[in-house]
Amino acid sequence: MSAQQDRNTIADGTAGVIHAPPAVAPNPAGPKEILAARARALAAAPEAETAGERIEVIEFELSGERYAVRAALVTEIFPLTDFTPLFCAPAFVLGITNLRGKIVSIVDLRRFFELPSVGLSNLNRVILASDGVMEVGILADAIAGIVSLPVAELQAPPAALTGVREEFLTGVTGDRLALLDLGRILADRRIVVHEEVE
Amino acid sequence: MGVDGADLLQRLLVIFQGEAEDHLRALNSLLEALGQEEDPAARKPLLESLSRRMHTLKGAAHAVNLLDVAEVCQVLESILADVKRGDMEFSAPLLDRLQREVQGLEQGIFPGPPGAFGAPGMAAAPVEDPIVPPAEAPEAAPSTFLPAAKPPASEPPASEPVSPPPVEPIASRATPVEPPLPAGQPQPVRSAPVETVRVPVPLLEQLLLQAEELVSAKLMVSSLVEGLGELSRNIALRADQRARAEALARSGPAEGTPAALAQLIREQLERESRLGQRLQSLTQKGQASLWALGGMVDTLLGDVKELQLLPFTSVVESFPRLVRELCAELGKEADLHLRGGELEVDRRILAELKEPLLHLVRNILDHGIEPPAERRERGKPARGRVTIALRHLDGNRAEIEVTDDGAGIDPARVKGAALRQELITEAEAAALSDAEALNLIFESGLSTSSMITSISGRGLGCAIVRESLEKLGGHAAVVSQIGTGTVFRLVLPLNFAMMDALLVEVSGRQALIPSSSVRLTCRVSAAEVKGVENRETVTVEGEVLSLARLARILELPEPEDDPPLHQVVVLDAAERRIALAVDAIFGVQEILAKPLGPQLSRVRNVAGATVLGNGQVVPILNVNDLFRSALTAAQAKAQPLSGRGKARQLSVLVAEDSITSRTLLKNILEGAGFAVRTAVDGSDALALVKSEEFDIVVSDVEMPRMDGFQLTAAIRGDQRLAELPVILVTGLESREDRERGIDVGANAYLVKSSFDQGGLVEVIRKLS
């Protein structure tokens, strides 16, 4: 039972953190203002900073939309210079590439999310994600960088959205940055290709 | 058994836990998938996978004496079989029960504090991940972003013990279980168990020395780079002299010009000869470096591979014990003999072999070996004899023979069972030879045993054997004599690493076929292809073989017209032959086979991939799959080959700097029947349109060196090309750009984000 109490204590601590007033008020203004606000928040005295209040995310662009994934599960990011399309694989598998002697599979999230219209874009970066069991390269147009995201800034995705993508959406920020749940994507059975010849 | 036995059991238990974790993980995710699946037909394959996993887990639990776990597995397997057959209805409470039983198994296998099972997040509050707020959080928490995942405030935290739901646990062992995780809760990060290998210190030291040697290789390369740099500076100087000479020559005949020219030319000649010498010495140096580096890499690779080798005994050391225990359970008597245990095999291959061997031995003891009384009646010794023998076949291949002196397998019963289970039709059954019929036991779900016991009988064991062997690039076969016994032959590679493979091209893509399965390659003229019952056949070496087109098997676009000569690869595996038509055959290469990674767990027709000398990644084909696909493709073939449209193939040039967009465009357009060439930027494209004939150009706007606007302007500026249609494809969606595109003479301007594949194809057809 003492372990139980310990957990409660931890939970209480976390709860306190989560309920702390947002460092940055949700702001529908342009990205510049938000960045400036973020910069101010970052520059502010760190005494209010506690683990859990901010999360490190990698922000990237995909067909003009802004996404982010938590940095914890990202092993590395590399430019896609060459790849080989793979026969008999589902459309969301772009192909395979050679990363320092290891074959890495590359997934086009837009197709995995079954987005209705997938136009062309400059998918030139690969975010290599791994949870120790699953490892997959995720295509991105461009990487904006590592952002420290205040948890309080995240809002629930609009309830009206019910696509595959929304299943993996953790939340969106006021400036329309969509945070994807990378752990869930990696653990999802649908991302695994396991097909036999009928 | 004494201390050694206990020690062995302890070791086995650790190995088992590693394996079980895998199975439990798979079981959990399969159950979850099953819950999400609404279509009963689509549940079938999931149930099938669940049964297999359960079956394997049961066998493994047996081997380490976790009889309670095995018992629960057995019950669960029966339930799954009932559901699969439709004897039991699938329902939410049933799923719930299955899920809880699997968690019960987890606890049976991993005793100790909750969360000991490799997943610290399972029982503890998810502190690491603040996505789900703790249950105490008031409803009005200002910053929750996944409300669905949040348990209602009234619900106790997931980790608190709850009163067991009113469903009875299946077996005594399935004691208090953790309530299932609330849906939507993020899955904890679970890391795979880390395997360890013992390495003799001398080998380790040797490896370190070799790694240090590589430093000298680095120095050699850096000196080469230096030499090359000097060379290119020299060439720049030479260009300088040339320019001066040209200016001098243009300045016309004047006093002293010829002499000055001669002087310049002489200087150039001298420089050239120095350059030549320098180049020669660099080439020699390069060759020496290659030689030295080659030696280092080969030795290092050989030694590192040796790290992966383990004696065959290591995988079968637990088997005699298993046989004793099973015999006791079944009331039979048998001895297990091991041969070839000292042969060393790649660790990864051994890991794959354990499961199939386990299944075979269980099957043999349960069905093959007769009870002692029956054996005596037949004039055999009361103790049965089971032999597992590993022997080296050739080069990189070995064979495991699992032999028993039991009852043998009756081909008629196998046929009967296959018929009952509708695996084959009456006509097919009649056409099958006895030897072919026997090999049906490798089909999933086929069991000749009328009695399902805890040891075997569900017909999964042999299917698992075949699957594992094929995954390794080998195959399994069986011969049997009723009354005298059965021999299972498993052919497998000794190590994964190097193998010979035939490089072929099909529809513009390259692929490798393992040489061990290639009988020969030849050319067959189109006239020699005969249609027999809607199937194409060719005669090679006097044998009529069915002709399969690799492009069709791999779902690639096929050429409009048949070439006058087919390039044919004759495949030979497990006593079957087939002729495979490809576009080009390049020859045999020594390759290093690599797995495709965890995400591509199994891709149809593809066994793995390799990196060629030029850095290109090329898939390695799965020969066993090719045989199966060839059958399906032949059946699916609807239209005769000659009856297709004979319209001239349009040739398209795609200029695009992004590798992904370029490849996607190429695939889309080739899929639509165009011949496609690609260029990496505007100037590359311009060089191509000047030297080759194209019907249309599709170009990106933003490209290095020469952008799409400049390319279009250059094409319009060339008299010969002025009429060539140009489609600009762009991410820029501005009016000015669109106008600029029209100004420079583009015929169409498509915005990337708004066009779909069909749209582009339509525009191309319209314009060309």
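The values are calculated or read from the model by the stated rules, or taken from the named source; none is laboratory data. Everything quoted here is computed from the prediction, not taken from an experiment. Cβ coordinates were reconstructed from backbone atoms using ideal geometry, including for glycine residues, and neighbour counts include every protein chain displayed.
Looking at B:Gly252, is it more than 22 Å from B:Ser216 (Cα to Cα) and outside any helix (DSSP H, G or I)? Spelling it out, B:Gly252 is indeed more than 22 Å from B:Ser216 (Cα to Cα) and outside any helix (DSSP H, G or I). Number of residues in region B:646-672 that are buried (at least 17 other Cβ atoms within 10 Å of the Cβ), of a type in the set (Gly, Ala, Ser) and away from chain A (no Cβ under 11 Å) equals 2. Against the numbered list (1) closer than 20 Å to A:Ile55 by Cα; (2) facing another protein chain (nearest Cβ under 10 Å); (3) touching a Gly at 6+ places or on another chain (Cβ under 9 Å), A:Leu80 comes up short only at (1). In the set B:Ala573, B:Ala584, only one residue is in contact (Cβ under 8 Å) with a residue 12 or more places away in the chain and crowded, with 20+ Cβ neighbours inside 10 Å; that residue is B:Ala573.
Look at region B:704-723: where a residue is farther than 12 Å from B:Asp684 by Cβ and a partner is loosely packed, with under 11 Cβ neighbours inside 10 Å and at pLDDT below 90, sitting 6+ places away or on another chain with Cβ atoms under 9 Å, you get B:Ile715/B:Ala722; B:Arg716/B:Ala722. Name the one entry in B:Ala431, B:Ala417, B:Ala427, B:Ala407 that is crowded, with 18+ Cβ neighbours inside 10 Å, more than 28 Å from the chain's Cα centre (by Cα) and at pLDDT below 85. So the residue among B:Ala431, B:Ala417, B:Ala427, B:Ala407 that is crowded, with 18+ Cβ neighbours inside 10 Å, more than 28 Å from the chain's Cα centre (by Cα) and at pLDDT below 85 is B:Ala417. Of all residues in region B:47-71, those being crowded, with 20+ Cβ neighbours inside 10 Å and within 14 Å of chain A (Cβ to nearest Cβ) number 3.
Looking for something of a type in the set (S, T, N, Q) and touching a Pro at 6+ places or on another chain (Cβ under 6 Å) - is there at least one such residue anywhere in region B:385-404? Yes. Among residues of region B:596-627 being at pLDDT below 85 and within 11 Å of chain A (Cβ to nearest Cβ), the one that is nearest to the chain's Cα centre (by Cα) is B:Gly615.
Results for (1) surrounded by 15 or more Cβ atoms within 10 Å (Cβ to Cβ); (2) closer than 30 Å to B:Leu592 by Cα; (3) modelled with pLDDT under 85; (4) hydroxyl-bearing (Ser, Thr, Tyr), shown as yes or no for each residue.
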residue	(1), (2), (3), (4)
B:Glu270	no, no, no, no
B:Leu300	yes, yes, no, no
B:Leu307	yes, yes, yes, no
B:Gly331	no, no, no, no
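Scanning region A:133-191 for residues that are at pLDDT 85 or above, within 16 Å of A:Glu114 (Cα to Cα) and more than 11 Å from chain B (Cβ to nearest Cβ) gives a single hit, A:Leu180. Looking across region B:82-99, the residues that are within 23 Å of B:Glu21 (Cα to Cα) and within 33 Å of the chain's Cα centre (by Cα) come down to B:Leu95, B:Leu98, B:Gln99.
Would you confirm whether any residue within region B:730-739 is within 14 Å of chain A (Cβ to nearest Cβ), within 19 Å of B:Ala685 (Cα to Cα) and at pLDDT 80 or above? No, every residue in region B:730-739 fails to be within 14 Å of chain A (Cβ to nearest Cβ), within 19 Å of B:Ala685 (Cα to Cα) and at pLDDT 80 or above.
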